[in-house]
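S.K.: Right, I'll just put the structure down here and ask away after.
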Amino acid sequence: MPTAGKLRLGVNIDHVATVRNARGGAYPCPIRAAELAQAAGADGITAHLREDRRHITDADIDGLVAALKVPLNFEMAATDEMQAIALRHRPHAVCIVPEKREERTTEGGLDVAQDENRLAHFIAPLRDAGCRVSIFIAAEHNQIEAAHRIGAQVIELHTGAYCDFHAEGHFEKRDGELHRLTEMAAFAHDLGLEVHAGHGLSYETVAPVAALPQVVELNIGHFLIGEAIFRGLGPAITEMRRLMDDARA
Ligand code: PXP
């Protein structure tokens with residue numbers, strides 16, 4: 001069993017841009033939110049530049065790169081356009097996610113096993129440029145093995161199903177998902193992959209995932225931006241940090 005060190009919190013600020021874009025204009029500014037998150041103890045900022053630019057824009061990425069002191073985790077689909085943008089900015093990390101125009105959010109993990117050759121060629125220049133390459137996948141043996149074979153340094157395990165079952169009150173299914181995440185985090189770690197997790201996490205669901213000793217980073221967005229309405233972004237992040245640290249201890 002690896003020893004559980006400090007768990008990093010990556011704050012995803014996409015939905016600050018969602019609110020801004022609901023009216024057009026410049027307010028609220030996701031870069032200001034990222035700076036606030038940084039000041040509140042975020043270890044990194046995550047932003048997803050979607051193909052349809054429905055939330056984060058190219059100018060937001062330019063602004064984040066210029067403003068941030070903590071690492072930027074640039075979420076992107078495996079397209080030539082996104083690869084060129086990533087290579088121009090060389091963020092600390094890129095997280096490759098599946099993207100469908102009709103989905104409301106990133107609904108599933110990337111099917112690496114189905115697209116192994118193309119993805120191996122796709123990520124090679126990103127790695128060569130010094131980015132840590134993370135692949136967002138379901139907690140499944142074949143996807144983890146494929147991510148390892150293509151040369152990714154990091155996997156991010158999709159916690160969406162675990163969180164959905166919790167929200168729907170299907171606690172047996174939720175616990176089944178948690179068991180799968182537990183086993184697959186250990187499996188990936190044993191292969192030498194760095195393990196992250198995220199999607200749908202909230203104050204109610206974060207602790208068991210934060211307690212997994214192989215997981216070194218959680219990426220959390222929608223819940224924190226929602227909670228910021230009620231208690232402010234800084235306090236919302238501080239509380240998440242406290243729950244993560246307590247679970248880790
Ligand atoms: N990790 C990845 C790879 C994601 O695509 C997302 C959603 O954009 C998240 C984490 C954060 O999910 P949520 O906004 O539900 O916390």
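S.K.: Can you pull out every residue in the stretch 4-53 that is aliphatic (A, V, I, L, M), more than 18 Å from His92 (Cβ to Cβ) and assigned to a helix (DSSP H, G or I)?
M.R.: Val16, Ala17, Val19, Ala22, Ala33, Leu36, Ala39
S.K.: Which residues, taken from the stretch 172-193, are in contact with an Asp or Glu (Cβ under 8 Å, 6 or more places away or on another chain) and within 16 Å of the ligand (Cβ to nearest atom)?
M.R.: Met184
S.K.: Another question, if that's okay. Can you tell me how many residues within the stretch 19-49 are within 17 Å of the chain's Cα centre (by Cα) and surrounded by fewer than 20 Cβ atoms within 10 Å (Cβ to Cβ)?
M.R.: Count: 3.
S.K.: Among the residues of the stretch 110-131, is any within 15 Å of the ligand (Cβ to nearest atom), under 18 Å from Ile220 (Cα atoms) and open to solvent by less than 10 Å² (accessible area, probe 1.4 Å)?
M.R.: Checked against the condition, which is being within 15 Å of the ligand (Cβ to nearest atom), under 18 Å from Ile220 (Cα atoms) and open to solvent by less than 10 Å² (accessible area, probe 1.4 Å), the stretch 110-131 yields no hits at all.
S.K.: May I pose another question? Would you point out which residue out of His170, His189, His179 is more than 15 Å from the chain's Cα centre (by Cα), open to solvent by 40 Å² or more (accessible area, probe 1.4 Å) and within 30 Å of Pro125 (Cα to Cα)?
M.R.: Only one candidate passes the filter, namely His189.
S.K.: Shifting gears a bit: Can we say Ala84 is at pLDDT 95 or above and away from the ligand (no atom under 16 Å from the Cβ)?
M.R.: Taking the combined requirement at face value, the residue satisfies it.
S.K.: What do you reckon, is Ala211 within 16 Å of the ligand (Cβ to nearest atom) and of a type outside the set (Phe, Trp, Tyr)?
M.R.: So Ala211 fails the test.
S.K.: Report every pair of residues separated by at least 6 positions or lying on different chains whose Cβ atoms are under 6 Å apart, first residue within the stretch 142-171 and over 14 Å from His189 (Cβ atoms) and more than 16 Å from the ligand (Cβ to nearest atom), second among the hydrophobic types (A, V, I, L, M, F, W, C) and modelled with pLDDT of 95 or more.
M.R.: Cβ pairs passing all conditions: Ala146/Val112; Ile150/Leu119; Ile150/Ala120.
S.K.: Please determine whether any residue of the stretch 57-76 is at pLDDT 95 or above, within 19 Å of Leu193 (Cα to Cα), buried (at least 20 other Cβ atoms within 10 Å of the Cβ) and away from the ligand (no atom under 15 Å from the Cβ).
M.R.: Checking the stretch 57-76: not a single residue is at pLDDT 95 or above, within 19 Å of Leu193 (Cα to Cα), buried (at least 20 other Cβ atoms within 10 Å of the Cβ) and away from the ligand (no atom under 15 Å from the Cβ).
Conditions (1) among the β-branched types (Val, Ile, Thr); (2) touching a Lys or Arg at 6+ places or on another chain (Cβ under 9 Å); (3) modelled with pLDDT of 95 or more, marked per residue:
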{"position": "Gly198", "(1), (2), (3)": "no, no, yes"}
{"position": "Val216", "(1), (2), (3)": "yes, yes, yes"}
{"position": "Ile237", "(1), (2), (3)": "yes, no, yes"}
{"position": "Met240", "(1), (2), (3)": "no, no, yes"}
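S.K.: Please go through the stretch 214-227 and pick out each residue that is touching a residue at least 60 places away in the same chain (Cβ under 8 Å) and either assigned to a helix (DSSP H, G or I) or within 11 Å of the ligand (Cβ to nearest atom) (or both).
M.R.: Glu217, Leu218, Asn219, Ile220, Gly221, His222, Leu224, Ile225, Gly226
S.K.: Counting residues that are polar (S, T, N, Q), which helices (runs of 4 or more DSSP H) fully inside the stretch 94-185 reach at least 2?
M.R.: The qualifying helices (runs of 4 or more DSSP H) are 141-149.
S.K.: Kindly evaluate Asn12 against the criterion of being open to solvent by 10 Å² or more (accessible area, probe 1.4 Å), within 16 Å of the ligand (Cβ to nearest atom), closer than 26 Å to Arg248 by Cα and modelled with pLDDT of 95 or more.
M.R.: The answer is yes for Asn12.
Condition check ((1) among the β-branched types (Val, Ile, Thr); (2) in contact with a helix residue (DSSP H, G or I) (Cβ under 6 Å, 6 or more places away or on another chain); (3) more than 16 Å from the ligand (Cβ to nearest atom); (4) modelled with pLDDT under 95) across all residues:
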| position | (1), (2), (3), (4) |
| --- | --- |
| Met1 | no, no, yes, yes |
| Leu7 | no, yes, no, no |
| Thr18 | yes, no, no, no |
| Ala22 | no, no, yes, no |
| Pro30 | no, yes, no, no |
| Gln38 | no, no, yes, no |
| Asp43 | no, no, no, no |
| Leu49 | no, yes, no, no |
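The values are calculated or read from the model by the stated rules, or taken from the named source; none is laboratory data. This is a predicted model, so every value here is computed, not measured. Note: ideal-geometry Cβ built from the backbone for every residue, glycine included; neighbour counts use all protein chains shown. To get the accessible areas, we keep the full protein, side chains included, count just its heavy atoms, and leave off ligands, DNA and RNA. Shrake-Rupley method; radii C 1.70, N 1.55, O 1.52, S 1.80 Å.
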